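For reference, the structure discussed in these notes is given below.
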Amino acid sequence: MKKALYFLIFVVVVGGSCSQHKTYDEAPHIEKWSDRKAEISKQDSLIEGSTYLSVYSHIYSYSEHSTQHLTSTISLRNTSRTEKVFVNKAEYFNTHGELVKTYIDETIFIRPMETIEIMIFEKDDHGGTGGNFIFDWATRSKANKPYFEAAMISTNGQQGLSFTTRGVEINTL
């Protein structure tokens, strides 16, 4: 039994060391928004809303002069089992409130129980320590509202850092 366990550990360690890592330019998953375009009309009687989500490009470490860069996965989740939800706009702002990038500017759909993602890579520090998204969305009155979440992660040597943030519905008057 001990020999089998040692062999398993050896295979995992050796096998893991041979894996290739993707570079900054090779995205592991990027949505093709044009494949998700949705046409909605006023007759669809949709409820509209907006959600704020904080996202960190980096955080302070030791002092205000030292930062730890982070990779962020922004999840746009449909929590309905039966109805699509629609995202009309997804805008990314930096610490100073300046628009960094508009990820979605035409209405797209998210299938029931589906999750789509936006990736912000570790080397992209445009958002800063106070970056955030605003998502404008629509759903049928009986459907659940979409859920937005960000997972930030960084590894350095044998140490890792990770945390999540959740979206908060806001008024955009």
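Values quoted throughout were computed directly from the atomic coordinates according to the rules given, and no laboratory measurement underlies them. Bear in mind that the values here come from a model prediction, so they are computed numbers and not experimental data. No Cβ is skipped: glycine too gets one built from the backbone with ideal geometry, and neighbour counts run over all protein chains shown.
Using a cut-off of 13 Å between alpha-carbon atoms, which aspartates and glutamates can reach Lys89, once sequence neighbours fewer than 8 places away in the same chain are excluded?
By straight Cα distance, Lys89 reaches Glu48, Asp105, Glu106, Asp136.
Enumerate the amide H contacts of Ala38 below 5 Å, restricted to partners 5 or more residues apart or on another chain; note that Pro and chain-start residues carry no placed amide H.
Thr107, Ile108, Phe109
Give the peptides 57-64, 141-148 in descending order of average Cβ contacts within 10 Å, highest first.
Most protected by this proxy first, the peptides run 141-148, 57-64.
Give me the percent relative contact order of region 44-170, please, defined on Cα pairs under 8 angstrom at least 6 residues apart.
Computed over region 44-170, the figure is 40 percent.
For Lys123, go through the aspartates and glutamates and keep the ones whose alpha-carbon is under 15 Å away, minus same-chain ones fewer than eight residues off.
Asp25, Glu26
Quickly work out the Ser141-to-Met113 label distance, labels modelled 7 Å from Cα along the C-beta direction, and quote it in nm with one decimal.
According to this spin-label approximation, the distance is 2.7 nm.
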